[in-house]
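The values are calculated or read from the model by the stated rules, or taken from the named source; none is laboratory data. These numbers come from a predicted model, not from an experiment. With ideal geometry, Cβ positions are generated from the backbone for all residues, glycine too; neighbour counts draw on all protein chains shown. Accessible surface areas use protein heavy atoms only, side chains included; no ligands, DNA or RNA. Shrake-Rupley method; radii C 1.70, N 1.55, O 1.52, S 1.80 Å.
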Amino acid sequence: MYLAFFSSFAKFIIFLCTIVFSASADHTHEDFLQCLVSQIANSTSTSESIIYTPNDPSYFYVLNSSIRNHRFVSLSTPKPFAIVTPFTVSHIQATVYCSKKHAIEIRTRSGGHDNEGLSYVSHVSFVVIDLINLRFVSVDVESKSAWVQAGAMIGELYSRIAEKSRNLGFPAGDCHTVGVGGQIGGGGYGYLTRKYGLAADNILDAELIDAQGRILDRESMGEDMFWAIRGGGPASFGIVTAWKLRLVSVPSIVTLFNVRRNMEDNATKKFVHQWQRRADKVDEDLTIFITFQTTSSIDKKGNKKILLEASVRATYHGGINRLLQLMEKEFPELGLIRRDCIQMRWVESFLYFNGFINGESLDVLLDRTPNFDLLSYKTKSDYVKKAIPDDVLEGMLGRLYEEELGRSTITLYPYGGKMNEISESTIPFPHRTGNLYKFLYFVQWQEEGNITASRKHMSWIRRLYNYMTPYVSKNPRTVYLNFRDLDIGMNDNKGDTISSCVNITKSTIWGTKYFKNNFNRLIHVKTIVDPTNFFRNEQSIPPLVMH
């Protein structure tokens, strides 16, 4: 257990206050720490450590505990001079107060899976507020609602809901180790999205600490700010500590399948081409994801052969018979048969899709340790509004052969259904009607510290992204906020933009509506609630703060 214990809180104060700093920045850090220790001492009775500095033997354990991308664990990666792990909202208020007083920037993280490390990496002097201890979930079955603290994982949320009801769920993501706070703040897409919308579409209230250290709820923050934090990146406006969720109805039993098909097979190619044109239009109870990846096999002569596979996985909120009828009507080329299907509780589907297929209990959803190798990786995303020509799609998939076996994937996520019914101005999430599906391009590698290898893999995914330019959304080309990608631009420490997002027009890469409608509203909210730009980071929405 990474939380260190001290014989008394007074000893911890002495330890921090006797640290010797040589540079002027270090004196600022010391002043900040003294301020923070004083503030926390007045608001807590816990004997557990809350503040970690590089002098603390647990510092790197705490820092690395929720990092999922090893690109950001090297010694050269900028590190926070302190990590605060609050147990109460008052600890966050104290951190905000001292950070503002001593001009220290804050980065807030609620879990992991931060593709570009923006919640724990910065090129300015900064402190991390790690919400790992704020993970309580309270479910009210009667009102079909729940409060979840921002430090909880998606798996923890699903498990706590399932403890109270077999017929309630929440439309968030499918990876159980993703943090609730960040995913909801950027939208939150999953297997229920085509039926119920995004996670951010199903938020009833929130608890937030603003730049003045005030605790606000929906009523006290006002509808403009409540609108902005649901899909507009809440880190630009404050620190969300908890969300109130609208729970949705799910059947007692759902039907799943996860089948692999060889892309050399003509029927599989026809299925993929048909999926492009129909996946957004089928029954909203059916959601089908496709992931493409290279794999190897041994032929009859004992020779190794590299194959391109399509992993087709789906959730259907109905029985097997009806699913088979639907698939025969919509996608007969897949050749789905009864033995390909499996039925289980809705919550158990997340065990299934996260690789827990050996009878594990729901307790594994409470485990914050991911059940996959922690490697370096890079992601990029795209939206598709018009079906991609078949030859172009095959050319895109052919590029997977250029990477190491099994290390790169391209995943297609369907839209349509409820997403076509919700206005783009309802929340700051612009990818609604007109989007057929989105791409996630992904590459991972394990040559730690090998700059040449890292550049090779990064170059591959960027070439792939460039190849797809003519065939995806354009004017502007849009991306999904939760698939962070610093290639498209970043802010400097003054809040101005550098790289590709150098003006408001180019910032529409986040979505046209940010420019035409939502963008101006986001700027308005930002200038009202945080006129000094206290909450800022290397990439945020709005990417350009005008004040």
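Values for this structure:
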{"quantity": "Simple label model, 7 Å out from Cα along Cβ direction - residue 339 to residue 217, nm", "calculated": "5.6"}
{"quantity": "Charge sum, other residues only, whose C-beta stays under 12 Å from residue 306's C-beta, Lys/Arg counted +1 and Asp/Glu -1", "calculated": "-4"}
{"quantity": "Contact order normalised by residue count of the stretch 312-419, Cα under 8 Å, 6+ apart, percent", "calculated": "12"}
{"quantity": "Structure-derived semi-axes √(5λ) of the Cα gyration tensor in Å: which label, when the choices are (i) 35, 32, 26; (ii) 50, 34, 26; (iii) 39, 25, 24", "calculated": "(iii)"}
{"quantity": "1.4 Å probe accessible area per residue over the chain, in Å²", "calculated": "40"}
{"quantity": "The stretch 263-307: mean projected area of Cα convex hull, nm²", "calculated": "4.1"}
{"quantity": "Whole-number percent relative contact order across the chain, with pairs defined as alpha carbons under 8 Å at least 6 apart", "calculated": "14"}
{"quantity": "Between the stretch 216-248 and the stretch 323-367, the alpha-carbon center distance in angstrom", "calculated": "33"}
{"quantity": "Residue 340 accessible area, 1.4 Å probe, all protein chains in place, Å² to nearest 10", "calculated": "40"}
{"quantity": "Per-residue SASA entry for residue 27, accessible area with 1.4 Å probe, Å² rounded to 10", "calculated": "80"}
{"quantity": "Residue 447-residue 360 FRET efficiency (beta carbon distance; Förster radius 35 Å; 0.05 resolution)", "calculated": "0.65"}
{"quantity": "Å³ per residue enclosed by the Cα convex hull of the stretch 184-304", "calculated": "181"}
{"quantity": "Rounded D (µm²/s) - the stretch 301-367, Kirkwood Rh over Cα pairs, Stokes-Einstein at 20 °C, 1.002 mPa s", "calculated": "147"}
{"quantity": "Over the stretch 436-482, equivalent-ellipsoid semi-axes from the Cα gyration tensor in Å", "calculated": "26, 12, 8"}
{"quantity": "Distance between the stretch 258-306 and the stretch 109-179 - C-alpha centres, whole angstrom", "calculated": "32"}
{"quantity": "Heavy atoms of residue 227 accessible to a 1.4 Å probe, total area in Å² rounded to 10", "calculated": "10"}
{"quantity": "Residue list for the stretch 418-445, given a label point 7 angstrom along the Cα-to-Cβ vector of residue 373 and an amide N cut-off under 12 Å", "calculated": "444-445"}
{"quantity": "Within the chain, helix-based [θ] at 222 nm, where runs of 4 or more DSSP H residues each add -39,500 (n - 2.57), nearest 500", "calculated": "-8000 deg cm²/dmol"}
{"quantity": "DSSP-assigned coil residues among trypsin sites (Lys or Arg not before Pro) in the stretch 251-318, each with at most 11 further Cβ atoms within 10 Å", "calculated": "300, 301"}
{"quantity": "The chain, dipole about Cα centre (Lys/Arg Cβ +1, Asp/Glu Cβ -1), debye to the nearest 20", "calculated": "1300"}
{"quantity": "The chain, accessible surface, carbon-and-sulfur percent (1.4 angstrom probe)", "calculated": "50"}
{"quantity": "Percent of beta bridges antiparallel (DSSP, the chain, rounded to nearest 5)", "calculated": "90"}
{"quantity": "The stretch 344-481, relative contact order [Cα under 8 Å, separation at least 6], %", "calculated": "33"}
{"quantity": "Karplus (6.51, -1.76, 1.60) ³J(HN,Hα), θ = phi - 60°, over the stretch 112-121, in Hz, Gly and Pro reported as x", "calculated": "x, 6, 8, 4, 10, x, 5, 8, 8, 10"}
{"quantity": "Whole-angstrom gap from the stretch 44-89 to the stretch 443-479, using each part's C-alpha centre", "calculated": "30"}
